[in-house]
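Worksheet for the structure shown next.
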Amino acid sequence: MSYIVATEGLTKRYGTRTVVEDLNLRIPEGCVYGFLGPNGSGKSTTMKMLLSLIQPTNGEVQVMGQPMTRATRRQLLAGIGSLIESPPGYAHLTGAENMRLIQRLLGLNQQQIDFAVHTVRLQDQMDKKVRNYSLGMKQRLGIALALARQPRLLILDEPTNGLDPAGIDEIRTLLRRLANDGVTVMVSSHLLGEIDKTAHMLGILSQGRMIFQGSRAELMTASAPDVIITCSDPRTAVAKLTSFNGRMTDAGEVAVPALDDRQTAGAIAGLVHEGIGIFGVRRDEQTLEDVFMHLTAGGGL
Ligand SMILES: Nc1ncnc2c1ncn2[C@@H]1O[C@H](COP(=O)(O)OP(=O)(O)O)[C@@H](O)[C@H]1O
Ligand SMILES: [Mg+2]
């Protein structure tokens, strides 16, 4: 697997406070990586370290296979577009004037500028002053400014923050389109629902630590939902499964938490051995929100 971003033991401390702890990020090239966590969990701090805007206390950042060092920094950052916290852009200038500034700063050609503006669908708003833009338009201008250099990697910190549902949807569509065109997108949010279906990979932070990293399907599996058993004698079955914390559900079924496949087979074999008739075994339905609440222990996502 080739990772466009990988960190080893990335850590940031302010005084005695550790705000990012021992992070091993793995972002595969070409994906949308949803970086999720409650407010204050360390998302922005991590992204700033990836962009070399702040120095890690410990650990290493690798981008496009190379360690980020004083010597490689410039060259690596040339391949990264970013939008950190509030949308950039000068409010008293028009969209076009803002784009012209970045064009001169980075020595870009007109085609690159037009491409970025069209990608975020702002071509009809370029003559308006940015102060008259909606928040969604400002965010899209911010993304256009980040895209103009045609980066391989785009790092967006809460680009959907404060947007209405239509605005959020526009950003989601845009991110998917970018990933289809081969740009890797790392996008953070404190709201699961805003990134959820857009992201191929998820990294979940809680109090500066990565509590999960993987695909959505892996997240659902990792959280090991209850196994629900329908059987001829639920009362005896619950008694037999006390070591597994088995309990009776309202529907008269037996629920057993967090069993892996092998444990499930063992538990069922034990019940069969007792002469209990097994009618059905299934995994409980659970939503990604349930998993989240469970993982972050109700941390407000
Ligand atoms: N410059 C700083 N000095 C001290 N503490 C900071 C600084 N920047 C961020 N923090 C703290 O680090 C924690 C993580 O912040 P942040 O990375 O902004 O979280 P998030 O982006 O997930 O909301 C917060 O508790 C914040 O108060
Ligand atoms: Mg933040």
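The values are calculated or read from the model by the stated rules, or taken from the named source; none is laboratory data. Since the model is a prediction, treat every value here as computed from it, not as a measurement. Backbone-built Cβ (ideal geometry, glycine too); neighbour counts: all protein chains shown. SASA here: full protein model, heavy atoms, side chains in, ligands and nucleic acids out. Shrake-Rupley method; radii C 1.70, N 1.55, O 1.52, S 1.80 Å.
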Across segment 1-12, what is the number of residues that are open to solvent by 70 Å² or more (accessible area, probe 1.4 Å) and within 14 Å of ligand 1 (Cβ to nearest atom)? 0
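Here's the yes/no breakdown for (1) under 36 Å from the mean Cα position of the chain (by Cα); (2) at pLDDT below 95:
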site	(1), (2)
Ala217	yes, yes
Ala222	yes, yes
Pro225	yes, yes
Asp233	no, no
Leu241	no, yes
Asp260	yes, yes
Ile278	no, no
Leu288	yes, yes
Which ones in segment 34-75 are within 28 Å of Asn180 (Cβ to Cβ), away from ligand 2 (no atom under 16 Å from the Cβ) and surrounded by 20 or more Cβ atoms within 10 Å (Cβ to Cβ)? Val61, Val63, Met68
If you take the residues of segment 13-34 that are touching a helix residue (DSSP H, G or I) at 6+ places or on another chain (Cβ under 7 Å) and more than 9 Å from ligand 1 (Cβ to nearest atom), which of them is farthest from Ser215 (Cα to Cα)? Leu23
So if I check each of Ile54, Ile84, Ile27, which one is more than 20 Å from the chain's Cα centre (by Cα), of a type outside the set (S, T, N, Q) and under 18 Å from Asp157 (Cβ atoms)? Ile54
Does Arg247 meet the test of being modelled with pLDDT of 90 or more, more than 23 Å from Val20 (Cα to Cα) and charged (D, E, K, R)? yes
With (1) in contact with a Ser or Thr (Cβ under 9 Å, 6 or more places away or on another chain); (2) more than 16 Å from ligand 2 (Cβ to nearest atom); (3) among the acidic types (Asp, Glu) as the list, and Glu8 as the residue in question, which single condition is left unmet? (1)
